[in-house]
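Contents: one structure, followed by commentary.
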Amino acid sequence: MNPPASILARLPALPRPALPSTFPPVLARVVDRLPSRPPSFAFAAAANGLAWRALRELDWSAARGKRFHARVRDLGLNLYFSVRADGFHAESSQRADVTFTASAADFARLALRLEDPDTLFFNRRLRIEGDTDLGLAVKNLLDAVELESIAAAMPAGLGQVIPHLRRLAA
Amino acid sequence: MKLTLGPLLYYWSREDTLAFHEAAAGWPVDTIHLGETVCSRRHLLRLADWLELADKLAAAGKQVVLSTQTLIESESDLKALRKLIAWVAERRAGGQSDILVEANEWGAARLLAQAGLSFVAGPTLNVYNPDTLAMLADMGARRWVPPVEMPRDMLVAMRASAAWPVGMETELFTYGRLPLAFSARCFTARHYNLQKDDCQFRCLDHPDGLTLSTREGEDFLAINGIQTQSARVMSLAHRLDELRAAGVDAIRLSPQARQMARVVETFRALLDGALTPVAASERLTRLMPAPACDGYWLGEAGMAWHPERIQEEIPS
Amino acid sequence: MSPSLLELICPAGSLPALKAAVDHGADGVYLGLRDNTNARNFSGLNFDTKTLAEGIRHAHAKGVKVLMALNTFPQPATLARWHTAIDTAATSGVDAVILADPGLMAYAVKNHPGLRLHLSVQGSATSYEAIEFYRERFGIRRAVLPRVLSLAQVENVIAHTDVEIELFGFGGLCVMVEGRCLLSSYACGDSPNTFGACSPGHAVRWEQTPKGMETRLNGVLIDRYADHEKAGYPTLCKGRFAVGAETYYALEEPTSLNSMELLPEMARLGIAAIKIEGRQRSPAYVAQVTKVWRAAIDAVKKAPETFQPHPAWMAELNKVSEGSMHTLGAYYRPWK
């Protein structure tokens, strides 16, 4: 089964939110294509299209039945989702077992493995509230994925973007 | 079941230390520990003083145990350790074999085994399984003190194991502020903005340790030089039947600055059946320098206190 | 074979972290299995048999050693778990196991006589008498010293034993003698000795409140941080408490150990290996820290007399440090 060839192309165009100057321009171009409402659905769709193929082999048992909340501080964006057997699901309820809070740029740097979460935590740039163990489990689960395997599993061509993004955001 | 007066963990004046132990000669305890286990800078009693006390207490019919330093850092720490062991070995050679040594780290255990002396395996040897205990028995340990965090179920499982060394006596830390951690750093000196090498012996001002509370005002720990203790006082008197069922042979009472004689009397009355466990426990709460805890025995947070949860039957 | 000198031993909590260490110049990596047989038993961390095999393959292909930490204390009800872990280590081809418990060492020696044994820092051996105990009985080849001795005291240990000595070089700083700290279990029931973690995630809560961000362990308030303040790990030894009338970091500030400036002295003493702490951290940290320490160790081996930690190295290390601060810890006597 192949994921959709270009999930980004199919996302509806929307008014651009004002992005902070620290936000890497390339990532900003990706983010401002996301619909502002409901962003959780767009996030789940994007995550499924881009990364689920590489992530689905992981042992998600700790996340089963749990709800996650990612709060993108500088964009005022709140993403609510869960992880089920077939991928990420947007949640409409605002109840979450664990909440991660960081800026868009820091979330991006974490995703690209450029920054260590503990370092961001010490510097008060990352917050984990709620079920800490669940937060750690997911953090460690994602740390254990090799970036190359995510890139390789991405829709055609997109995988090459990762090293590029790493250079730009470093 | 026997009663043991554990080593004095605090630093008291010379007069107070001597008076305390001389009084203990008349207390209804079977065993008395002597010696400095916490800090090598504490010098008001020299080895010779401890040994003199040892003789007095042995003459009063007490089983005397000399406890060794827990954190060995320097060559002079080792020298003191070797001297202590040599003294006991000499007595043994002279036909007096009544005094034991408690090894509180593996260097002491090695030296005791080399000297062919039977010994007590102290709580900081970290014995959590019967294989390690069996090895200590081979080396000459005849009594052991489990780590203070060991829960009842683990102790019961140890004793049920095929590897359990027959004849090994178990002594449990049953009463007192729990020794929880050791450091190279002196937290008492730090509190006074002093360096350890120039600590001015401020521990003398805190005969039951220096209480540390959370920012919400909850008493949590007690600073005792390089040692960190619980603020709460471990008390398992109400669990005497559980202790017996778990095969505990001796209970250790850790010295406190006041009311220690009455603490000992209370435990004696408890062991003799003159006080019920509940009555003894209630009396002890009035004698303690801080509130009680018993969580470790239940396999929970050490600071927890659940006197209502008594289990007399040990599941087999 | 010439004796080891300043081998760089780096942490690996996951396969990508292992590869980061190997690819950035580690001489050895240390890792653990996914349970309480090692002292970094955090959810989602560590290796299963599949990632272990791949990790060993990757490391050995580049001539890097793999050390497996089995450094918690086996308990009677679950003894078999530790024994199986030793068997796994031996059959998977790790270069050494890092152990703390004498009973487990006895098992290893009896069942896998060829397996190289290192004494873990959790074994709390601070004197050569203690180290010699493990050497005589089990033939340990290396001992990792707790972070309590000054360098002069380390020198005295080295003078009296043939066992190689490994020292902590960088990372989270235990203020207490490792293996002799029960603060975590006193507050939450789980200690490094038995559970394999200090302040395990299930007992930690962070909460933003009007007074600041609060860190709690099983309800016990460890600290409360104002918005501008750097934070530390949720360990009790790095909390702020009230003693008398004063509220302060009563045990230690949130800070990391960084002994880089002592490298020439460590080389002179013949320290076999330098350990970098941080199996709980991400591959990004491992890459950053390994790279810097590789450069520093190479520099000190080349010209020990003129060695100076490069300011850029120190800045890079401070960036990833707890509280963005570092200390020489007990290596520097006045710290005590």
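The values are calculated or read from the model by the stated rules, or taken from the named source; none is laboratory data. All of these numbers come straight from a predicted model, not from anything done at the bench. Quick reminder, even Gly has a Cβ in these numbers, built from the backbone with ideal geometry, and neighbours come from all protein chains shown.
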State whether the residues of region B:118-136 include one that is part of a strand (DSSP E or B) and surrounded by fewer than 24 Cβ atoms within 10 Å (Cβ to Cβ). no
Is there any pair linking a residue in region B:221-233 that is within 10 Å of chain C (Cβ to nearest Cβ) and without any contact (Cβ under 8 Å) to a residue 40 or more places away in the chain to one that is hydrophobic (A, V, I, L, M, F, W, C) and outside any loop (DSSP other than H, G, I, E, B), with Cβ under 8 Å and at least six apart or on different chains, and which? B:Ile223/B:Phe187; B:Ile223/B:Leu210; B:Ile223/B:Leu212; B:Ile223/C:Val243
How many residues are within 14 Å of chain C (Cβ to nearest Cβ), free of Cβ contacts under 8 Å to residues at least 60 places away in the same chain and more than 20 Å from the chain's Cα centre (by Cα) if we restrict to region B:41-76? 3
Which residues, counting only those in region A:94-124, are of a type in the set (D, E, K, R), surrounded by 20 or more Cβ atoms within 10 Å (Cβ to Cβ) and either on the phi < 0 side of the Ramachandran plot or more than 9 Å from chain C (Cβ to nearest Cβ) (or both)? A:Asp106, A:Arg109, A:Glu115, A:Asp116, A:Asp118
Taking region C:131-170 on its own, how many of its residues are more than 8 Å from chain B (Cβ to nearest Cβ) and of a type in the set (Phe, Trp, Tyr)? 3
Any idea which of C:Arg281, C:Arg294 is among the basic types (Lys, Arg), at the interface with another protein chain (Cβ under 8 Å from one of its Cβ atoms) and not in a strand (DSSP E or B)? C:Arg281
Go through (1) within 17 Å of C:Val148 (Cα to Cα); (2) outside the structural domain of C:Ala295 (by TED's automatic domain parsing) and name the single condition C:Glu207 misses. (1)
Mind counting the residues in region C:182-197 that are in contact (Cβ under 8 Å) with a residue 40 or more places away in the chain, within 30 Å of C:Ala272 (Cα to Cα) and not hydroxyl-bearing (Ser, Thr, Tyr)? 5
Does region C:306-323 include one or more residues that are in contact with a Leu (Cβ under 8 Å, 6 or more places away or on another chain), within 11 Å of another protein chain (Cβ to nearest Cβ) and within 29 Å of A:Lys139 (Cβ to Cβ)? yes
I'd like to verify a number: residues in region A:120-170 that are charged (D, E, K, R) and assigned to a loop (DSSP other than H, G, I, E, B), how many? 4
Which one of C:Ile131, C:Ile165, C:Ile140, C:Ile158 is in a loop (DSSP other than H, G, I, E, B) and touching a residue at least 12 places away in the same chain (Cβ under 8 Å)? C:Ile140
Given the condition in contact with a Lys or Arg (Cβ under 7 Å, 6 or more places away or on another chain) and touching a residue at least 24 places away in the same chain (Cβ under 8 Å), answer yes or no: does some residue in region B:128-139 qualify? no
For B:Arg159, are the conditions met, namely being surrounded by fewer than 20 Cβ atoms within 10 Å (Cβ to Cβ), modelled with pLDDT of 95 or more, outside any helix (DSSP H, G or I) and not polar (S, T, N, Q)? no
Of the conditions (1) more than 7 Å from every other protein chain (Cβ to nearest Cβ); (2) among the aromatic types (Phe, Trp, Tyr); (3) in contact (Cβ under 8 Å) with a residue 24 or more places away in the chain, B:Phe187 satisfies every one except a single condition; which number is it? (1)
Assess whether B:Leu172 counts as being within 9 Å of another protein chain (Cβ to nearest Cβ), in a strand (DSSP E or B) and either at negative phi or of a type in the set (D, E, K, R) (or both). no
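Rundown of residues vs (1) of a type in the set (Gly, Ala, Ser); (2) within 26 Å of B:Tyr128 (Cα to Cα); (3) buried (at least 20 other Cβ atoms within 10 Å of the Cβ), yes/no style:
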residue: C:Leu5; (1), (2), (3): no, no, no
residue: C:Leu31; (1), (2), (3): no, yes, yes
residue: C:Asn41; (1), (2), (3): no, yes, yes
residue: C:Thr49; (1), (2), (3): no, no, no
residue: C:Arg57; (1), (2), (3): no, no, no
residue: C:Thr84; (1), (2), (3): no, yes, no
residue: C:Ile98; (1), (2), (3): no, yes, yes
Restricting to region C:194-232, give me the number of residues that are closer than 18 Å to C:Pro254 by Cα and of a type in the set (Phe, Trp, Tyr). 2
Of the residues that sit in region B:101-137 and are under 10 Å from C:Pro102 (Cβ atoms) and β-branched (Val, Ile, Thr), which one is farthest from the other protein chains (Cβ to nearest Cβ)? B:Val127
